[in-house]
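Notes to accompany the following structure.
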Amino acid sequence: GQQLNQSPQSMFIQEGEDVSMNCTSSSIFNTWLWYKQEPGEGPVLLIALYKAGELTSNGRLTAQFGITRKDSFLNISASIPSDVGIYFCAGPQGGKLIFGQGTELSVKP
Amino acid sequence: DGGITQSPKYLFRKEGQNVTLSCEQNLNHDAMYWYRQDPGQGLRLIYYSQIVNDFQKGDIAEGYSVSREKKESFPLTVTSAQKNPTAFYLCASNRGGPSTEPQHFGDGTRLSIL
């Protein structure tokens with residue numbers, strides 16, 4: 001089935017550093033969603049993107065809908081310890097939501 | 001507070017036993033979904049329901065069953081036919097309609113084999 005490829009799979013950074021992660025697909029998406037999952041909890045929606053080229057911010061988080069509609073990017077500025085978790089991209093295909101494998105972020109104080 | 005409630009938080013299954021995971025939402029959402037999450041993998045769709053009394057198989061429906069008798073409830077039964085049931089199970093809901101509508105998730109149930 002259709003897959004979304006996220007990279008990197010994991011990141012270990014120092015508090016205060018900026019973070020970049022991306023999500024790519026072999027086919028076009030009309031919507032990109034970014035979720036964050038903390039340990040033992042369900043994913044929480046961070047940002048939704050609906051238009052190619054769109055750049056949307058939510059606090060220290062910024063996400064972009066790639067111009068080709070086959071990728072999306074999530075940036076976190078000035079990371080803090082509570083940014084720890086798994087970040088998932090997702091997009092609708094065939095009436096269902098397809099998820100990437102996730103990028104696991106660890107932040108060292 | 002509106003939200004999605006999954007119970008129990010932790011569940012243990014004996015060999016040959018069926019177990020049922022509960023999912024209740026008070027968001028007045030039409031559509032509900034069940035996902036399975038394994039370590040290092042994304043979420044995989046088990047079953048989904050767009051309206052009451054109707055549901056469809058997702059990508060990994062074998063060994064699972066669901067019902068949708070009420071709008072707010074979408075229980076998932078893990079049957080004895082599911083040979084590898086150990087996983088984190090997530091329930092989600094949205095208003096339905098276009099698949100671009102973001103889904104909102106519960107806090108999950110972790111199922112383990114005794």
message: I want to verify the translational diffusion coefficient of chain B in µm²/s; compute it with Stokes-Einstein, Rh as the Kirkwood radius over Cα pairs, at 37 °C and 0.692 mPa s.
response: 234 µm²/s
message: With the crude spin-label approximation of a point 7 Å out along Cα→Cβ, what separation in nm comes out for B:Asp107 versus B:Gln56?
response: 3.2 nm
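Using Cα pairs closer than 8 Å and at least 6 residues apart in sequence, work out the relative contact order for chain B, in percent. List each step's numbers first, then the result.
On the way: 290 pairs, mean separation 39.6, N = 114.
Across chain B, relative contact order equals 35 percent.
For the protein assembly as shown, report the translational diffusion coefficient in µm²/s to the nearest whole number, using Stokes-Einstein at 37 °C, 0.692 mPa s, and a Kirkwood Rh over Cα pairs. Intermediate values should be presented prior to the final figure.
Values: Rh = 18.0 Å.
So the translational diffusion coefficient is about 183 µm²/s.
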- request: Output ³J(HN,Hα) for region B:55-67: one whole-Hz value per residue in order, computed from phi by the Karplus curve 6.51 cos²θ - 1.76 cosθ + 1.60 with θ = phi - 60°, and x for Gly and Pro.
  value: 7, 10, 6, x, 7, 9, 6, 4, x, 10, 9, 9, 9
- request: Specify which residue in the list A:Ser26, A:Val44, A:Asn58 is farthest towards the positive end of the charge dipole of region A:18-78, using unit charges on the beta carbon of Lys, Arg (+1) and Asp, Glu (-1), about the Cα centre.
  value: A:Ser26
query: What relative contact order, as a whole-number percentage, does chain A give when Cα pairs under 8 Å and 6 or more residues apart are counted?
result: 37 percent
field: Nonlocal amide H pairs with B:Ala87, under 5 Å, H built at 1.01 Å
entry: B:Leu111
- prompt: In whole Å, how far is the Cα centre of region B:29-75 from that of region A:41-86?
  reply: 26 Å
Relative counts (whole %) of C-alpha pair distances in chain A, using bins that are 5 Å wide: 2, 13, 25, 25, 19, 10, 4, 1, 0
task: Report, by chain and number, residues whose modeled amide H sits under 5 Å from the one on A:Gln93, excluding near sequence neighbours (fewer than 5 apart, same chain).
output: A:Ile98
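A short reminder: the numbers here are calculations on the coordinates, not readings from a lab. Not measured: the values here are computed from a predicted model. Note: ideal-geometry Cβ built from the backbone for every residue, glycine included; neighbour counts use all protein chains shown.
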